[in-house]
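Presented below is the structure to which this report refers.
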Amino acid sequence: MVFALSACGREPVYQSQSYVFGTLVDITIYGEEKNRAAELASRIQQDFQRLHQKLHAWDESSELSRINRAIAAGESVNIDSEMANILEHAGKLSAVSNDLFNPAIGGLIQQWGFQRDSFSAVEIDPDAIKALVAANPRMEDIRIERHDDGITLSSRNPAVRLDLGGYAKGYALDRAAAYLKSEQAKNALINIGGNIIALGKHGERPWHVGIQHPRKSGAIASLDLEDGWAIGTSGDYQRYFELDGTRYCHVLDPRSGYPARHLQAVTVLLPPDALAGTHSDADSKPLFITEPENRKAMAQQLGLTHYMMIDRTGNISVSAPMQKRLKWKTDAGTRIQTLP
């Protein structure tokens, strides 16, 4: 998880917090008159709530659940243009990651008990997991057709069950950043459960954020988050349960059907782009899942240059461009390898 670090001084800063997407949302706007900042933050929070209700994977009243019911029944379903664009883009991200980022495996996520608001140990059913993996649900199974009278979605694979938990927060970040820019609000920091995007500066200095230590309270490192940059982390320390001494986290390997266990955390940093927030959410998952020997190639496939990985024993590997930006805390230790 990444989090904003508090700043000293008496600068005009407006801060708004809420709980959306199952996590804490923090909007900080710098340099705007209080009422205007409050209105901007309120509009963003309203959009976040709309997306939460639309993209919720286990609320039966959500649009995503309606789509999943139609897929399971082998039926075609009408969708709006926003949903079509989201799923088409998520499909492209899935393809470039060799399907390690796979929003079609909602059935597996449910099987592991991660489609709920709180987590506790579940009974692991190897046969059910094996069957879900054998069904091989992928984003390329989805067919979206645009007609003069609307857009329809269908799937050639009834095992597809969509879960956009690894996409929605980043998508919301990009929408919020675009909205603030359209309103000529120049300086803000938006944090959705550790996925963060920065606009402008915090006064005369860049925004500063910390990267959560996966096994201790507080940060393991921090960095300046410059205008337009986004950062996000996938880890095994927030959404997980323990059973018989083994930790099972929510990041599942679609190939095995089991939680990925190579790493404690992956943090990725994305340069300014209209989709930087979305990539900060989605691109950390394939790095978290893939085998150690394939991580460099996967990072190249995803176009990632700034990333940090902490393995199961606490060893840290960091790309050279990322290393130049990080300020390590004293308890980071000496087990830090800079990757070529």
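The values are calculated or read from the model by the stated rules, or taken from the named source; none is laboratory data. Predicted model only: the values in this text are computed from it and were never measured. Using ideal geometry, Cβ is built from the backbone for each residue, glycine included, and neighbour counts are taken over all protein chains shown.
Tell me which residues, restricted to the range 22-48, are under 12 Å from ASN191 (Cα atoms) and not in a helix (DSSP H, G or I).
Within the range 22-48, THR23, LEU24, VAL25, ASP26, ILE27, THR28, ILE29 meet the criteria.
Within the range 287-332, which residues are farther than 23 Å from ARG215 by Cβ and in a helix (DSSP H, G or I)?
GLU293, ASN294, LYS296, ALA297, MET298, ALA299, GLN300, GLN301, LEU302, ALA320, PRO321, listed by residue number.
Which one of ASP283, ASP253 is buried (at least 16 other Cβ atoms within 10 Å of the Cβ) and within 24 Å of PRO206 (Cβ to Cβ)? Write out each step before concluding.
Numbers: ASP253 fails: within 24 Å of PRO206 (Cβ to Cβ).
Exactly one residue qualifies, and that residue is ASP283.
Out of PHE101, PHE119, which single residue is at negative phi, among the aromatic types (Phe, Trp, Tyr) and in contact with a helix residue (DSSP H, G or I) (Cβ under 7 Å, 6 or more places away or on another chain)?
Values: PHE119 fails: in contact with a helix residue (DSSP H, G or I) (Cβ under 7 Å, 6 or more places away or on another chain).
The match here is PHE101.
Got a number for residues in the range 117-167 being over 21 Å from SER256 (Cα atoms), without any contact (Cβ under 8 Å) to a residue 24 or more places away in the chain and assigned to a loop (DSSP other than H, G, I, E, B)?
4
Quick check on the range 124-136. Is at least one of its residues outside the structural domain of SER182 (by TED's automatic domain parsing), exposed (fewer than 15 other Cβ atoms within 10 Å of the Cβ), in contact with a Leu (Cβ under 8 Å, 6 or more places away or on another chain) and at pLDDT 95 or above?
no
Among the listed residues LEU40, LEU55, identify the single one that is under 16 Å from PRO103 (Cβ atoms), surrounded by 19 or more Cβ atoms within 10 Å (Cβ to Cβ) and touching a residue at least 60 places away in the same chain (Cβ under 8 Å).
Numbers: LEU40 fails: under 16 Å from PRO103 (Cβ atoms).
Only one candidate passes the filter, namely LEU55.
Surrounded by 14 or more Cβ atoms within 10 Å (Cβ to Cβ) and free of Cβ contacts under 8 Å to residues at least 40 places away in the same chain: which single residue out of ARG295, ARG239 fits that description?
Numbers: ARG239 fails: free of Cβ contacts under 8 Å to residues at least 40 places away in the same chain.
After applying the criteria, what remains is ARG295.
Collect the residues in the range 235-261 that are closer than 17 Å to SER97 by Cα and either part of a loop (DSSP other than H, G, I, E, B) or of a type in the set (Val, Ile, Thr) (or both), keeping them in residue-number order.
VAL251, ASP253, PRO254, ARG255, SER256, GLY257, ALA260
Restricted to the range 65-81, and to residues that are assigned to a helix (DSSP H, G or I) and in contact (Cβ under 8 Å) with a residue 24 or more places away in the chain, which residue is surrounded by the most Cβ atoms within 10 Å (Cβ to Cβ)? Steps first, please.
Let us first name the residues in the range 65-81 that are assigned to a helix (DSSP H, G or I), namely 65-72, 81.
Next, only the ones that are in contact (Cβ under 8 Å) with a residue 24 or more places away in the chain stay: 67-68, 70-72, 81.
On the way: ILE67: 22, ASN68: 22, ALA70: 19, ILE71: 26, ALA72: 14, SER81: 10.
Here the residue is ILE71.
Suppose the filter is within 17 Å of the chain's Cα centre (by Cα), among the aliphatic types (A, V, I, L, M), within 24 Å of GLU183 (Cβ to Cβ) and outside the structural domain of GLY200 (by TED's automatic domain parsing); does ILE105 pass it?
Details: within 17 Å of the chain's Cα centre (by Cα): yes; among the aliphatic types (A, V, I, L, M): yes; within 24 Å of GLU183 (Cβ to Cβ): no; outside the structural domain of GLY200 (by TED's automatic domain parsing): yes.
In short, no.
Restrict the check to the range 49-64 and report whether at least one residue is over 30 Å from GLN184 (Cβ atoms), modelled with pLDDT of 95 or more and not in a loop (DSSP other than H, G, I, E, B).
Scanning the range 49-64 turns up at least one residue that is over 30 Å from GLN184 (Cβ atoms), modelled with pLDDT of 95 or more and not in a loop (DSSP other than H, G, I, E, B).
Being modelled with pLDDT of 95 or more, in a helix (DSSP H, G or I) and within 17 Å of the chain's Cα centre (by Cα) is the requirement here; does LEU93 meet it? Spell out the reasoning first.
Working: modelled with pLDDT of 95 or more: yes; in a helix (DSSP H, G or I): yes; within 17 Å of the chain's Cα centre (by Cα): yes.
Yes.
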